[in-house]
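Here the structure is laid out as structure tokens; the discussion comes afterwards.
The values are calculated or read from the model by the stated rules, or taken from the named source; none is laboratory data. Small disclaimer: the values here were computed from a predicted structure and weren't measured. Methodologically, a virtual Cβ is constructed for each residue, glycine included, from the backbone with ideal geometry; neighbour enumeration extends over all protein chains shown.
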Amino acid sequence: MYTWQAYLKQGVYDYEYAFVAKGSRLADSSPVEGSFFETENRYTILVYQRQTGSRYDELIGYKESVANPR
């Protein structure tokens, strides 16, 4: 178990665990966090516009995208 104590200002912090091999100066987070660089991700992008004085949003654009397809 490792412990560390620091005084931080109130707020939201983002952190990541990393591993540094003995004799190296490069940190690698994949042994701790895993590697997802080959994960397939699907995205749907919807673009809406509201005309001045209108009471509804109109769909004016649609796009589907796949990152790292199999």
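Key figures for this structure:
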| quantity | calculated |
| --- | --- |
| Subset tally (residues that are touching a strand residue (DSSP E or B) at 6+ places or on another chain (Cβ under 9 Å), modelled with pLDDT under 85 and under 27 Å from V66 (Cβ atoms)) for segment 17-55 | 5 |
| Residue tally, condition surrounded by 10 or more Cβ atoms within 10 Å (Cβ to Cβ) and in a strand (DSSP E or B), over segment 49-64 | 2 |
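Residue-by-condition table, conditions (1) part of a loop (DSSP other than H, G, I, E, B); (2) within 19 Å of the chain's Cα centre (by Cα); (3) not charged (D, E, K, R):
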| residue | (1), (2), (3) |
| --- | --- |
| W4 | yes, no, yes |
| G11 | yes, no, yes |
| Y15 | yes, yes, yes |
| V47 | no, no, yes |
